[in-house]
Amino acid sequence: MEAALDDVEFLALSPNRVAVLQSLAAGPRTRSDLADETGASQATLGRILADFEERVWVRRVGGQYETTATGELVADAFSDLLDALDLERELRSIVEFLPTESLSFDLSHLADAEITVPTQTRPNAPLQRLLELERGADDVRAFSHAFNEQTLSLTAEQATAGDVRFRGVFSASAIDALTSEQPLYDRLKTLIDSEAASVRVREAGVPVAATIVDDRVHLLVRDDSGVLRASIETDDPVVFEWAETAFDRYWADATELARADLSGDDG
């Protein structure tokens, strides 16, 4: 373990070493190639390549250098570590709010995700990103413990116009919140009256707020007080499969919402 940590430290203390090893892992390179790609001087490259050859991570073949099998192993593992740490830094400020118990996929699949957080000038940025996606969508599937006014309004408008096919399954509390305010109640009735929309209610609740917008998955992350903390958007196949499976499971365990189910409805 200690020797392995020494090698980790050896690489981590020099961005040039990391850059050279990653470059060589992509294919054979001359020293001139490495200089162009990394910006390292020839003197620096000489020291790095000598150190790598001593560790049997690279070898010289003619006028080029290439990684050995173990060198490629180290390069791949270190790149994975860097990717994981980059993702951790992205998620650090919101990890305590992530519904990880409901996200049955490895968080590494969020490495290429677009994370949007509120700012002083754009406090509603995470929700606005979802609305941007939905405006150009053909098919939207949602499962959530909340149904906010802006999303409801846009969905009702698009479904009524026949611009989108919408299926949503929500917790009973999310629907109850809409029926308690007349303008939202009216929009909800407009939505469920649309032939292009179908809404179901899951009495057991929905622990995560997710929307499948065509081929992308969008997650809204809220804290325990319901304050929006971030949105996470990705087209990663594993996350997409999780979202489809979760939607189907909640949908099958939910009841269709009809006009007659809305208390106090006038018909």
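No lab work stands behind these numbers, since they all come straight from the coordinates. Not measured: the values here are computed from a predicted model. Please note: Cβ atoms are built from the backbone with ideal geometry, for glycine as well, and neighbour counts cover all protein chains shown.
Observations
- CD proxy at 222 nm, helix term only [per DSSP H run n ≥ 4: -39500 (n - 2.57); per residue of the chain; nearest 500]: -14500 deg cm²/dmol
- Grouping the Cα pair distances of the stretch 1-117 into 5 Å bins from zero gives a pair-distance distribution of 2, 10, 18, 19, 13, 11, 10, 7, 5, 2, 0 percent in increasing distance order.
- Here the 3J(HN,Hα) profile of the stretch 98-104, calculated from phi with Karplus coefficients 6.51, -1.76 and 1.60 at θ = phi - 60°, is 5, x, 4, 5, 9, 9, 7 Hz, Gly and Pro shown as x.
- For Arg229, the amide hydrogen comes within under 5 Å of the amide hydrogens of Val221, Arg222, Asp223, counting only partners 5 or more places away or on other chains and with H modelled in the peptide plane.
- Projecting the Cα positions of Phe78, Leu127, Phe52 onto the charge dipole of the stretch 1-142 (unit charges on Cβ atoms of Lys, Arg, Asp and Glu, taken about the Cα centre) puts Phe52 furthest along the positive direction.
- Among complete DSSP H helices in the chain, those whose alpha-carbon atoms stretch at least 20 Å along the helix's long axis and whose mean Kyte-Doolittle hydropathy reaches -0.5 are 69-91, 237-252.
- Electrostatic tally near Gly71: other residues with Cβ closer than 11 Å to its Cβ, Lys and Arg +1, Asp and Glu -1, net -2.
- Relative to the 2.2 N^0.38 Å rule of thumb, the stretch 120-171 has a C-alpha radius of gyration ratio of 1.16.
- Amide H contacts under 5 Å for Val169, placed H, 5+ residues apart: Ala142, Phe143, Ser144, Arg200
- Top of Tyr185, Tyr250, Tyr65 by mean-square fluctuation, Gaussian network on the chain, Cα under 10 Å: Tyr65
- Residue order, fewest to most surrounding Cβ atoms within 10 angstrom, among Glu37, Glu256: Glu256, Glu37
- Reduced Cα scattering model of the stretch 97-261, Debye log10 I(q)/I(0), q = 0.17 Å⁻¹: -1.04
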